[in-house]
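The values are calculated or read from the model by the stated rules, or taken from the named source; none is laboratory data. For clarity, every value in this text was computed on a predicted model and none was experimentally measured. Here the Cβ is made from the backbone with ideal geometry for all residues, glycine too, and neighbour counts use every protein chain on show. Surface accessibility is based on the protein's heavy atoms, side chains included, excluding ligands, DNA and RNA. Shrake-Rupley method; radii C 1.70, N 1.55, O 1.52, S 1.80 Å.
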Amino acid sequence: MVTIMSRVLLKSLTKHFADVVAVDSVDLEVQDQELLVLVGPSGCGKSTMLRMIAGLADVTSGEITIGNRLVNRVAAKDRNIAMVFQNYALYPHMNVFRNMAFGLQMRKVSREEIDQRVRNTAQTLGIEDLLTRRPVQLSGGQRQRVALGRAIVRDPEVFLLDEPLSNLDARLRVAMRSELVKLHRHLSATMIYVTHDQVEAMTMGDRLVVMREGKIQQVDTPRVVYETPANQFVGEFIGSPPMNIIPGQITRVVSGLEFVSGSLRFPIPDDCQQACRTRVDQPIHLGIRPEDLHLSAEVEPLAAQISVSCEVLVVQLLGSDILVELDCGGNVIMARLDARHVCRTGEMIEVCFSARRGHWFDAITGRRL
């Protein structure tokens, strides 16, 4: 349905609320027909940024370009964008058809075209049998589809979605994530999606924008963000359960450099030696994802693995997996293991990991080495 070029370009975009900097000089390009996800903790500025793009919040400084048009001074109603809110924002006294048609009626679209657009969109979303119902007669998932349908019938340049699934139960949220991805593919539309749920971000976005305190921390594909986080914050925020962070320091030995943290001690991998040479005797953080920890008995003896003895603190059954909280030389870490393994609280187990799968961060700046 969306046929015009609908790139969104932000240049030095800034928003102040009194003394609070909600969005801090953001530069970002959203490509035509891309599903871009803004993700970060509550208060990081992602929803404020979306509202500025929509024209619902004034820009303190910077520029917003949609297509080839600078829209800073263009009213929200004239920006040709459609926004889907967390609370659906449906008119309770109108049925589904009238809710979806309302925006077109305000634009003086002909009755015949409104009828065709609404019915075609309802068929796409699987809600053609609900057109005569009112919102109170709908489930949460059905209301969300109506809110999406109201946006789609307008044929906007850009779709803005502000945590649209957060009011749904867990099972329906998973189903709707898949439906939204399919819908994006079907419409070939430019979509900017805001969420604080990193699982949503990972499973839906063509690219992720990870934000913190009004600043962009990293922009890349979900795989790159997960496998090569730009800093410790991104490494801990993206991934479930979160990345383990082990504080330590680099020491120089005859054979090269070693990482030391309590009783844990092992050589720095060759590909990290150069970055670590300037940090000898300085604090450094090692990040290890829970799924990169294994029981030593599972790994071939000759594999290049670091093995360490840990005490089992807590075991959580997830079905096919177990999350095992471990005391590793005074550091509490989490391992994600196969549920067929039986681990008991208080027992000692040997776990291992590849140092090459580790993530090395500067302890002061948090930047990746």
Practice task
Could you work out the Kirkwood radius for the chain, taking every pair of different alpha carbons, averaging 1/r and inverting it, reported in Å?
Solution key: 23.3 Å
Handout entry: Calculated P(r) tail over 22 Å for the range 38-114, as whole % of Cα pairs
Key = 41 percent
Practice task
Once you have the Cα-Cα distance between Ser42 and Asp270, take 0.36 nm times their residue separation minus that, and quote the gain in nm to one decimal.
Solution key: 78.2 nm
Completion exercise
Rounded to the nearest 10 Å², the 1.4 Å probe accessible area of Val20 is 90 Å²
Completion exercise
Reported to the nearest 10 Å², Thr278 has, with a 1.4 Å probe, an accessible area equal to 100 Å²
Exercise for the section: Relative to the longest principal axis of the C-alpha atoms of the chain, give the angle of the C-alpha long axis of helix 170-187, reported between 0 and 90° and rounded to the nearest 10°. Expected result: 60 degrees
Exercise for the section: Can you quote the Å³ per residue value for the convex hull of the Cα atoms in the range 296-369, rounded to an integer? Expected result: 116 Å³
Problem - Sites Arg340 and Ser296, calculated FRET efficiency, Cβ-Cβ separation with R0 25 Å, nearest 0.05 - result: 0.95
Fill in the blank from the handout: A 1.4 Å probe over the protein heavy atoms gives the chain a carbon and sulfur accessible-area percentage of 48 percent
Exercise for the section: Calculate, for the range 86-195, the solvent-accessible area per residue in square angstrom, rolling a 1.4 angstrom probe over the heavy atoms of the protein chains. Expected result: 49 Å²
Problem - Local electrostatic count, Lys11, Cβ distance below 13 Å [Lys/Arg +1, Asp/Glu -1] - result: -2
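About the Cα centre, and with charges only on the beta carbon of Lys, Arg (+1) and Asp, Glu (-1), how big is the dipole of the chain? Nearest 20 debye, please.
1560 debye
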Completion exercise
Taking every other residue with Cβ under 11 Å from the Cβ of Val39 and scoring Lys and Arg +1, Asp and Glu -1, one gets 0
Problem - Most mobile of Val153, Val109, Val219 in a GNM of the chain (Cα contacts under 10 Å) - result: Val109
Exercise for the section: Treating only the Cβ atoms of Lys and Arg (+1) and Asp and Glu (-1) as charged, compute the dipole magnitude of the range 69-163 about its Cα centre; round to the nearest 20 debye. Expected result: 300 debye
Fill in the blank from the handout: What the Cα atoms of the range 92-217 span along the principal axes, largest first and in whole Å, is 47, 30, 25
Exercise for the section: Set the Förster distance to 35 Å, then compute FRET efficiency between Arg69 and Arg111 from the Cβ-Cβ distance, nearest 0.05. Expected result: 0.70
Exercise for the section: Please work out how much length the chain gains when fully extended from Ala363 to Ser320, using 0.36 nm per residue of separation minus the C-alpha to C-alpha distance, in nm with one decimal. Expected result: 12.0 nm
Exercise for the section: At 0.36 nm per residue, minus the direct Cα-Cα distance, what do Thr14 and Asp27 gain on full extension? Give it in nm, one decimal, please. Expected result: 3.7 nm
Problem - Cβ-Cβ FRET estimate between Val224 and Asn87, R0 fixed at 41 Å, reported to 0.05 - result: 0.80
Practice task
Calculate how many DSSP beta bridges within the chain are antiparallel, expressed in % of all such bridges and rounded to the nearest 5.
Solution key: 75 percent
Problem - the range 1-150 - Rg over Rh from alpha carbon coordinates, Kirkwood radius - result: 1.01
Completion exercise
Between the alpha carbon centres of the range 41-98 and the range 320-357 the gap in Å comes to 45 Å
Completion exercise
Hydrodynamic calc, the range 26-75: Kirkwood Rh from Cα pairs, then Stokes-Einstein at 25 °C with viscosity 0.890 mPa s, so D in µm² s⁻¹ is 204 µm²/s
Handout entry: Net +/- balance of residues flanking Leu369 in space, Cβ distance below 9 Å, scoring K and R +1, D and E -1
Key = +2
Exercise for the section: Taking the chain as the reference, fit the longest principal axis to its C-alpha atoms, fit the long axis of helix 96-106 to the helix C-alpha atoms, and give the angle between the two in degrees, 0 to 90, nearest 10. Expected result: 70 degrees
Practice task
Let me know the whole percent of all Cα-Cα pairs from the range 181-261 that are separated by more than 21 Å.
Solution key: 44 percent
Problem - Flagged links, alpha-carbon separation over 19 Å, of Lys11/Lys46; Lys46/Lys77; Lys15/Lys215; Lys11/Lys215 - result: Lys46/Lys77
